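K.L.:
Pasting a structure below so you can have a look.
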Amino acid sequence: MSETKKTGQTVQTTGHAWDGDIQEYNNPIPRWWLWSFYATVIFAIVYWIFYPAWPIGHSYTPGVMNTITYTVNGEEKTTHWNTRALLVRDMQTGEAAVKQRKHMQEVANASFSAILSDPKMIDFSSKIGKVLFEDNCAACHGMGGQGVVGLFPNLVDDDWLWGGRTEDIQNTISAGHIGFMPAFDKTFSEQQMDDVTEFVLSLSGQAKDKERVARGKVLFTGEGGGCYYCHNQQGTGIKSVGSANLTDHIWTIADVASQKDIMAKRTRVREVISHGVNRTMPTWKGRLSDEEIKLLTVYVYNLSGGK
């Protein structure tokens, strides 16, 4: 190494020179940085020894940390330390898991009326139920439960096809339902289809043609159409068969509410009458535990304001 003068300071050089006066300075990295680098190397070696690290064929080095014991299908399983096993154990025996099981048992032993009158149980049910809903129900009904008109019912209003009591909702989640309405495209003529469509719109005060309404009523309430079998004579629906109430302004199948003129509304109602309805909500009994279904019931019940 040689030294050279630069702005009053002594600077080390490597001894290399070009064109007689161009030299290469020697500026080593700070010593603290070098020792930090050495420390990371030592840390990595220690980590490789203590923790699972290096892949070996279809396995890996397990490390020498303590073993972890947790339960799988009622049987204890012991394995070397790893974050997955640690998570499973914490979910089974951790402080939070113990508290959650305690609250779950309280909810499982309580009636719906007791749950809905206890702010703490409502809060617990809503938090767990929200997660259950997002994991299992949101794919169809949406994250907020608004549903999709024509496909999946809206759960945030107070219109329930199969009943809105907690027991009704619990049964719907547990057993599922099949929503069916036959297609009338082969049953009604074009005029009859128009007449029944107009009568259905009249039930919610949206019809314009009184003559069509009169003819449609005969078909709806008589043997010609037989619509009253499911929707009853007044068109208010029957809970036991999940038929819609046609007298309100809530439409679960025909997208009438978003239409701006009467012609578009007629088209939407006519499509449903012509093609019918065939949709299924699957059963969740067996997929979810009884306690989870109960928590989900409380959450869904509260989505509509508890009506």
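What follows draws every value from the coordinates through simple rules; no lab data is involved. The structure presented is a predicted model; accordingly, all values stated were derived computationally and were not measured. FYI the Cβ positions are ideal-geometry reconstructions off the backbone, even for glycines, and counts take in every protein chain you see.
K.L.:
Find out how many positive minus negative residues lie around V256, taking Lys and Arg as positive, Asp and Glu as negative, among other residues whose Cβ is under 12 Å from that of V256.
P.N.:
Net of charged neighbours comes to +1.
K.L.:
Among 174-186, 65-77, what's the highest-first ranking by average C-beta atoms within 10 angstrom per residue?
P.N.:
The packing order, highest mean first, is 174-186, 65-77.
K.L.:
About its Cα centre, what dipole magnitude does the chain give when the only charges are +1 on Lys and Arg Cβ and -1 on Asp and Glu Cβ, stated in debye to the nearest 20?
P.N.:
260 debye
K.L.:
Taking the number of other C-beta atoms within 10 Å as the exposure measure, put D261, D123 in order starting with the fewest. Please list the in-between numbers first.
P.N.:
Numbers: D261 8, D123 11.
Neighbour counts put them in this order, fewest first: D261, D123.
K.L.:
Sticking with this structure for a sec: Checking the cross-link filter: which lysines have an alpha carbon closer than 26 Å to that of K294, excluding same-chain neighbours under 8 positions apart?
P.N.:
K99, K102, K120, K127, K130, K239, K285, K307
K.L.:
Using +1 at the Cβ of each Lys and Arg and -1 at the Cβ of each Asp and Glu in the chain, identify which of G142, N302, V272 lies farthest towards the dipole's positive end.
P.N.:
Checking the options against the dipole of the chain, the answer is N302.
K.L.:
Round to a whole angstrom and tell me the spacing of the C-alpha centers of region 9-64 and region 65-79.
P.N.:
Region 9-64 and region 65-79 have Cα centres separated by 40 Å.
K.L.:
Would you mind classifying region 61-136 by shape? Square roots of the alpha carbon gyration tensor eigenvalues, ordered a ≥ b ≥ c; an a/c under 1.5 is rounded, otherwise it is prolate if a/b is larger than b/c and oblate if not.
P.N.:
Working: a/c = 3.28, a/b = 2.65, b/c = 1.24.
Verdict is prolate for region 61-136.
K.L.:
Can you find, among A96, P153, S36, the residue sitting farthest towards the positive end of the charge dipole of the chain, where Lys and Arg contribute +1 and Asp and Glu -1 at Cβ?
P.N.:
My answer, from the dipole projection, is A96.
K.L.:
Exactly which GluC sites (Glu not before Pro) in region 153-224 are in a DSSP loop and have at most 14 other Cβ atoms within 10 Å?
P.N.:
Values: sites: E167, E190, E198, E211, E223; in loops: E223.
Answer in residue order: E223.
K.L.:
Still on this structure: Compare G205, G63, G144 in a GNM of the chain, Cα atoms joined below 10 Å, and give the one with the largest fluctuation.
P.N.:
Among G205, G63, G144, the largest GNM mean-square fluctuation belongs to G63.
K.L.:
Relative contact order for region 118-198: what is it in percent, counting Cα pairs under 8 Å that are at least 6 residues apart?
P.N.:
About 11 percent, as a whole number.
K.L.:
Could you work out [θ]222 nm for the chain from helices alone, using -39500 (n - 2.57) per DSSP H run of at least four and dividing by all its residues? Round to the nearest 500 deg cm²/dmol.
P.N.:
Dividing the helical sum by the residues of the chain leaves -14000 deg cm²/dmol.
K.L.:
May I ask for the net charge around R266, where only other residues with Cβ less than 10 Å from the Cβ of R266 are counted and Lys, Arg are +1 while Asp, Glu are -1?
P.N.:
Details: positive: K208, R212, K265, R268, R270; negative: D194, E198, D209, D261, E271.
Within the 10 Å Cβ shell, the charges total 0.
K.L.:
Right, here's the next one. Can you tell me, using C-alpha contacts under 8 Å and at least 6 residues apart, the relative contact order of region 180-280 as a whole percent?
P.N.:
Normalised by residue count, the contact order of region 180-280 is 33 percent.
K.L.:
Turning to a different aspect of this structure: Computed from these coordinates, which is volume of the Cα convex hull per residue in Å³: [x] 149; [y] 360; [z] 135?
P.N.:
From the options [x] 149; [y] 360; [z] 135, the structure gives [y].
K.L.:
A follow-up question, please. For R165, R31, which order do you get if you count the other beta carbons within 10 Å of each Cβ and list the fewest first?
P.N.:
The most exposed by this proxy come first: R31, R165.
K.L.:
Can you give the charge dipole size of region 180-280 about its Cα centre, rounded to the nearest 20 debye, using +1 on the beta carbon of Lys and Arg and -1 on the beta carbon of Asp and Glu?
P.N.:
Its charge dipole is roughly 160 debye.
K.L.:
Okay, moving on. Anyone know which of H80, H275, H58 comes out most mobile in the 10 Å Cα GNM of the chain?
P.N.:
Of the options given, H58 has the highest mean-square fluctuation.
K.L.:
Further question on the same structure: Taking 8 Å as the Cα distance limit and 6 or more residues as the minimum spacing, I'd like the relative contact order of the chain as a percentage.
P.N.:
17 percent
K.L.:
Cα centroid distance between region 175-215 and region 83-123, in Å?
P.N.:
One Cα centre to the other: 49 Å.
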